[in-house]
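To start, the structure under review is shown below, and the notes come after it.
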Amino acid sequence: MLDLVENRIEKYIDELQDSYIKELFKRLPVGKRLRAKLILKIAKKDEAIDLAAIIEMIHAASLLHDDVIDDAMTRRGAPSINALYGNKTSIMFGDILYSKAFFELAKFESEIAKIVSNAVTQLSIGELLDVNLTKNFNTDIDIYLDMIYKKTASLIEASAECAAILSDKDKDAYAIYGKNLGLAFQIVDDILDIVADEKKLGKPTMNDFKEGKVTLPYIYLYNALEEKDKEKLKSLFKKEVNAQEKEWIKNKMIQTNSIQKAINYAQKLGNEAINAIDSKDEELIEIMKNLIYREY
């Protein structure tokens, strides 16, 4: 089924009748297709293939813009489009993918079109929030959660909700599942940035902190530290930390149980999602369990 989604995306690109866009598309690194897989597991209909293709094009467009904002030279281990062709091309290619996706989305019933359109608005607001949050050391968990909901979870939530509508399932239950999957996914990703092996991670650990992202483990850590150590942690914010400084952060996280608290929060979200769909879908339950109970 995922092959059919890839074919549908290629068909949409071909319909643009532009050889340069085809070239750019071929250089676009392909990810895990989490959103497409989620849609196809909930709705096993031909319309689900179109929806999955549209959502993945929207996601790809957001990443093209994200890489420009972050000055990212790689994406999924390959050179990013902005690294290869420049920021202007990357932005315009993202706009083209957005536009084509919305053109195809307009063919769906209005409820689905509205849900996806609203999620894309939330995604864009979340990206703006993320940029603004890098300016200061954020210590508010609610602000962090609001940002990752909008930037990451909103489109996953919309994917699950719309797939449920297509298959006449409980859209509210699946929306909760999608939202919590997106939130847990981002929290786990933030944890891996700190604790994962650098070779498996594909980048230096604690890169998020260097880029100005105060993720959930850092917020838990900051709020648990004494004043002197709080100031030290803030002094390392947005800096290239050395091995000794990384070790200090990791040791403090162990002492304050900050990593485990973040893991516990992700597991709480995951269990809420499982309870929402009430054992209706064993595959989705397995996906969530594999995410929240993984090895670190």
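Just a few scattered comments:
- Relative to the longest principal axis of the Cα atoms of the chain, the long axis of helix 87-105 makes an angle of roughly 50 degrees.
- The chain: radius of gyration over Cα atoms, expressed as a fraction of 2.2 N^0.38 Å: 1.03
- Over 18 Å (Cα to Cα) - which of Lys213/Lys246; Lys44/Lys268; Lys41/Lys171 fall in this group: Lys44/Lys268
- Sorted fewest first by neighbouring Cβ atoms within 10 angstrom, Val214, Val30, Val241 come out as Val30, Val241, Val214.
- On Cα atoms only, tilt of 2-14 relative to the major axis of the chain in degrees: 70 degrees
- Projected onto its three principal axes, the C-alpha set of the stretch 87-222 covers 46, 39, 30 Å, listed from the longest axis down.
- Stretched out straight at 0.36 nm per residue, the stretch from Gln244 to Leu16 would grow longer than its current Cα-Cα span by 76.8 nm.
- Helical content alone sets the calculated 222 nm signal of the chain at -23500 deg cm²/dmol, taking -39,500 (n - 2.57) per DSSP H segment of four or more residues and averaging over every residue.
- Pairs exceeding a 21 Å alpha-carbon distance, out of Lys32/Lys261; Lys238/Lys261; Lys11/Lys100; Lys210/Lys252: Lys32/Lys261; Lys238/Lys261.
- Separation of alpha-carbon centers, the stretch 203-222 and the stretch 33-95, rounded to whole Å: 24 Å
- Residues Asp189, Asp208 arranged by fewest to most Cβ contacts within 10 Å: Asp189, Asp208
- Label-point gap, in nm, between Thr139 and Lys41 - each point 7 angstrom along Cα→Cβ: 3.9 nm
- Each of the peptides 10-21, 153-164 was scored by the mean count of other Cβ atoms within 10 Å over its residues; in descending order, highest first, they stand as 153-164, 10-21.
- Applying 0.36 nm per residue to the separation of Asn132 and Asp278 and subtracting their alpha-carbon distance, the gain on full extension is 48.8 nm.
- Across the stretch 16-86, the convex hull enclosing all Cα atoms gives 92 Å³ per residue.
- All distinct Cα pairs of the stretch 205-248 go into the 1/r average, and the inverse of that average, the Kirkwood radius, is 10.6 Å.
- Volume per residue for the stretch 168-296 equals 115 cubic angstrom (convex hull of Cα atoms).
- Alpha-carbon centroids, the stretch 261-296 and the stretch 106-131: separation in whole Å: 25 Å
Here, each number is a calculation from the coordinates, and none is a lab measurement. Here the structure is a predicted model, which means the values were calculated and not measured. Because the Cβ atoms are built from the backbone with ideal geometry, glycine has one as well, and the counts that use them run over all protein chains shown.
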